[in-house]
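All remarks here apply to the structure that follows.
FYI, it's all coordinate maths here, none of it is from the lab. The shown structure was predicted, so the numbers you read here are calculated from the model rather than taken from an experiment. Virtual Cβ from ideal backbone geometry, glycine too; neighbours counted across all protein chains shown.
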Amino acid sequence: MTETREEAACRLPELKERHLPGDCREAVYALLKGTYGYEQFRDLEVYDDLFKGKDTLHISQGQLIESVIAEAEKARNGGEDVDNILLTAPTGAGKSLLFQLPAIYLGNEYGLLTIVVSPLKALIVDQVEGLQELGYMRVAYASSDLSPEQKNEVYRQVREGEVDLFYLSPELLLSYDIKHFAGERRIGLIVVDEAHTVTTWGKEFRVDYWFLGRYLQGLKKSLGYAFPLFALTATAVWNPKGDNDMVFETIRSLQMEPCVLYAGTVKRRNIGFDIRQMEIEEGETYDKAKQRVVAERVEDFLDGHKTILYYPFAGGIDMRLKTWVKSTDWHLVASYYGKKDKEQKAAIVQEFKEGEKRMIVATKAFGMGVDISDIDRVYHVAPSSTFVDYIQEIGRAARDIDIHGVSATDYHERDFYYMKRLHMAGNIAQEQLSLILKKLMEVYRMKGGKQEMLVSLSDFEFVVKLPRMKNKLEYEAELGQLIKTALLWLEDDLSHRYGKKLLEVSPQNLLTEGYIQDKTGDVFIREFKDYLTKVSGTEDVYTARLEKLWEERFAELGYREFKQKLNGGTLWEGSRAVSVGKHEVLLKEDAAVIRQRMDALFNSLKTLLVDKLRKTKGRFDEEELRAVFAEHGMDVPSAKRFIGSLLESRTEEGRSVSYISSVKKKDSNELSFTVTKGFDLLLSRYQKLFSQRIVGGEGARLLFYTTPFSDLNMLLNLLSMLDCLSFSVEGGGTPCVLVRFDDPDSLEQIASSDEYHNLILENNEKIFQEQIDLFSFFFGTNGMDDVKRWSFIEDYFTGMGVEELKTKYATPS
């Protein structure tokens with residue numbers, strides 16, 4: 001009897017028995033010495049069988065390398081039963097060697113190509129440059145930072161056999177056919193580094209890792225041969241009976257079954273803990289107390305130690321640094337966070353390595369892939385993410401086994417403010433998931449009910465209400481992350497409930513065909529006519545083969561720079577050609593009726609807002625807003641989105657203007673709003689725009705080409721929230737997802753019921769609360785020495801639940 005999808009999702013993936021070779025072949029030892037200068041392999045400590053207990057065994061790096069090579073050889077010789085391998089091993093265990101050496105050997109011996117998928121560009125560059133410094137030159141990487149010219153040269157080297165070890169981001173791998181990179185080269189091994197990223201949701205989650213499993217399965221079918229998949233990570237919880245299992249979820253997500261598992265021990269015997277309870281002294285605020293204790297710690301750390309000091313928010317680092325560090329010591333300290341450019345980051349890492357800097361004050365962006373062996377202090381101002389991330393971060397201390405590292409913090413229960421704020425910033429609400437599903441079905445109907453269609457992420461922009469950013473590409477990246485995550489949660493949740501796929505989502509990450517408009521003449525059109533096709537019925541809009549245009553005419557520009565110039569109308573001197581979106585609109589009522597509804601709502605809003613400006617300095621509550629919108633048949637989520645979108649930040653006369661702000665009330669999920677003068681002029685502008693553009697009877701279809709942040713785009717979103725029209729967007733340079741509607745009738749029923757509740761999101765919220773519980777107990781319990789703390793960590797990583805841990809490690813009264 002065949003297994004249903006639901007049964008497959010519920011059962012644990014199959015693990016294969018380990019059959020380790022006694023040692024590795026002589027040729028590999030020769031490569032170890034010739035490439036890396038090492039005489040011997042290190043040992044790894046792994047659990048023998050966690051289903052039976054925590055007994056461990058020691059295996060040599062060489063044995064594992066031999067296993068990887070043997071599986072690649074089996075695949076090359078046409079063997080069907082090729083094993084995939086998952087390894088979890090702590091920071092400093094030499095994981096990169098475990099896939100680099102097989103890649104070098106397979107390239108030398110058979111001309112096979114190894115592809116490494118890694119989530120962080122800094123990590124990729126660090127490993128590639130590290131190998132090149134050792135004299136191994138048959139290694140390269142490609143990322144969106146490289147220009148087409150640079151990438152094409154790398155692809156040529158890969159295709160022509162000059163490169164055997166090739167690093168890629170998941171986004172780039174998923175954007176093209178494999179032959180684009182590899183030509184006719186045979187793939188010997190695919191490596192997924194930092195594989196825990198597959199199971200990490202929220203702001204830090206790299207959504208494209210989620211697609212890797214199905215992509216790699218499809219790749220094996222299209223190539224017609226197998227290859228082993230080798231996944232590695234420093235941190236993964238083994239908890240097959242719990243909600244936060246990372247090991248089996250990684251195997252399931254990457255479709256690695258059957259899999260050989262090597263679960264490394266998590267204990268780091270050369271790292272201790274210095275966890276103190278922070279007291280707020282009389283007359284002190286929490287912030288002042290934190291500033292005092294951190295400054296005291298910094299003074300100690302700068303006296304003969306090398307330290308990473310983790311702070312949760314990038315925005316406050318430089319300001320805080322100057323309150324924590326004496327001005328005479330500033331030269332010993334540097335800050336490190338995501339928005340610093342790569343030259344700055346590289347210089348900081350180098351100075352830290354060489355000891356010119358003794359402390360790096362950083363967000364969690366610092367550390368993954370930074371191989372500095374003599375760090376001996378890691379300090380957390382407050383936890384910012386999961387307990388798993390915390391353990392990975394403290395593991396960056398004492399990579400040299402002869403060094404004793406210390407993980408320190410000064411704990412107060414208010415420390416979770418940071419963690420909660422970061423969680424809220426990257427969080428998706430239940431109501432947003434329902435709205436995204438409704439919008440998806442609206443787009444499905446608008447586009448004629450095709451089974452497969454490209455859906456622009458712009459379609460969902462006003463559903464999720466991200467704050468607008470000055471940098472459109474950053475905004476677009478965050479929008480893409482959030483929408484693709486939401487769509488995947490919908491796909492996964494519905495498939496678990498129904499035992500079959502109702503919809504399937506695939507990414508389209510790079511440039512697709514788009515639309516360009518130039519109102520300044522035909523300079524751009526004449527220059528690039530080979531890439532443009534006039535859109536019939538328009539004067540100045542053209543479909544553009546954007547990828548060809550970029551690669552053939554702007555090969556010197558990186559992807560981001562090309563898109564920024566195209567979005568800003570500065571791609572070609574003498575023209576203002578810009579990327580626009582095709583907005584297809586369906587009126588649900590006569591334009592005259594829609595206008596009446598909009599005017600009536602605007603008048604009610606004016607009455608409320610003018611009254612509030614006169615009586616309460618513009619302040620009003622969600623409850624008062626609810627009453628106004630209820631008169632016009634709009635639900636509360638739509639009402640909040642509507643007013644937020646209507647009066648949000650906009651650029652007027654070169655400056656940013658916001659007519660409204662909102663804050664969450666204390667001890668409540670409700671919002672409190674403040675409006676400023678000038679909002680009535682904005683309402684009038686939309687009414688005027690309506691008169692110019694919205695015409696026709698019920699069922700009329702309108703077509704507009706406009707930039708994503710335009711007033712017209714805003715107006716269409718507002719009218720869509722009033723349920724007066726439907727619209728979908730195509731082009732505009734915004735990334736798309738390919739959606740397959742396997743059961744549109746069921747999806748339509750769920751979308752229209754208003755009762756949909758996503759269980760994945762519910763489980764993630766439960767896990768988040770558990771993380772706070774875990775940290776509270778771990779930091780707030782004084783009676784644990786280093787041995788107990790590491791036992792606590794090991795118990796958590798090997799399947800013990802939070803309540804069980806609290807019972808076992810509670811300090812006797």
Compute the FRET efficiency between Lys447 and Ser222 as 1/(1 + (r/R0)^6), taking r as their Cβ-Cβ distance and R0 = 30 Å, and round to the nearest 0.05.
-> 0.65
Along the dipole axis of the chain (charges at Cβ: +1 for Lys and Arg, -1 for Asp and Glu; origin at the Cα centre), the most positive-end residue among Ser791, Leu571, Val139 is Leu571
Along principal axes, largest first, the alpha-carbon spread of the range 271-423 in whole Å comes out as 42, 32, 31
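Just to verify a number: FRET efficiency for Ile767 and Glu527, C-beta to C-beta distance, R0 = 51 Å, to 0.05?
Working: r = 54 Å, r/R0 = 1.06.
It comes out at approximately 0.40.
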Thr674-Leu20 pseudo-label distance in nm [points 7 Å out on the Cα-to-Cβ vector] | 6.3 nm
Which peptide among 442-455, 348-361 comes first, and what is the full order, when sorted by highest mean count of other Cβ atoms within 10 Å?
-> 348-361, 442-455
In whole Å, what are the Cα extents of the range 132-283 along the three principal axes, biggest one first?
-> 68, 38, 30
Given charges at beta-carbon only (K, R positive; D, E negative), |dipole| of the range 271-423 in Debye = 620 debye
Share (percent) of C-alpha pair distances in the chain greater than 53 Å works out to 16 percent
Label-point separation (nm) for Trp330 and Asp243, each offset 7 Å from Cα along Cα-to-Cβ?
-> 4.8 nm
For the range 162-200, which GluC sites (Glu not before Pro) are both in a DSSP coil and crowded by at most 16 other Cβ atoms within 10 Å?
-> Glu162, Glu184
For Lys788, list the lysines whose Cα falls under 30 Å from its own Cα; do not include residues on the same chain fewer than 8 positions away.
-> Lys52, Lys54, Lys95, Lys241, Lys267, Lys290, Lys306, Lys364, Lys420, Lys766, Lys806, Lys808
Quick one: length gained pulling Asp318 to Lys615 fully straight, 0.36 nm per residue minus the C-alpha distance?
-> 102.9 nm
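So what is the 222 nm mean residue ellipticity for the chain from helices alone, if each DSSP H run of at least 4 adds -39500 (n - 2.57) and you divide by all residues, rounding to the nearest 500 deg cm²/dmol?
One gets -13000 deg cm²/dmol as the mean residue ellipticity at 222 nm.
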Rounded to the nearest 0.05, what FRET efficiency do His496 and Glu748 give with R0 = 25 Å and r taken as the Cβ-Cβ distance? Could you check?
-> 0.80
In whole Hz, the Karplus estimates of ³J(HN,Hα) for the range 443-460 (6.51, -1.76, 1.60; θ = phi - 60°; x where Gly or Pro) are 5, 4, 5, 4, 8, x, x, 6, 5, 10, 7, 7, 10, 6, 5, 4, 4, 9
Please give, to one decimal in nm, the separation of the simple spin-label points placed at Met424 and Glu149, each 7 Å out from Cα toward the Cβ.
-> 4.8 nm
How big is the equivalent ellipsoid of the range 14-148 along its three axes, where each semi-axis is √(5λ) from the Cα gyration tensor, reported in whole Å from largest to smallest?
-> 26, 18, 17
Quick one: dipole size for the chain, taken about the Cα centre, charges +1 on Lys/Arg Cβ and -1 on Asp/Glu Cβ, in debye to the nearest 20.
-> 2140 debye
Within the range 52-96, report the trypsin sites (Lys or Arg not before Pro) that DSSP leaves as loop and that have at most 10 other Cβ atoms within 10 Å.
-> Lys52
Determine the gain in length on full extension of the stretch Val787-Ala477; use 0.36 nm per residue of separation and subtract their C-alpha separation, reporting nm with one decimal.
-> 107.3 nm
Can you give me the Cα centroid spacing of the range 235-265 and the range 285-318 in angstrom?
-> 36 Å
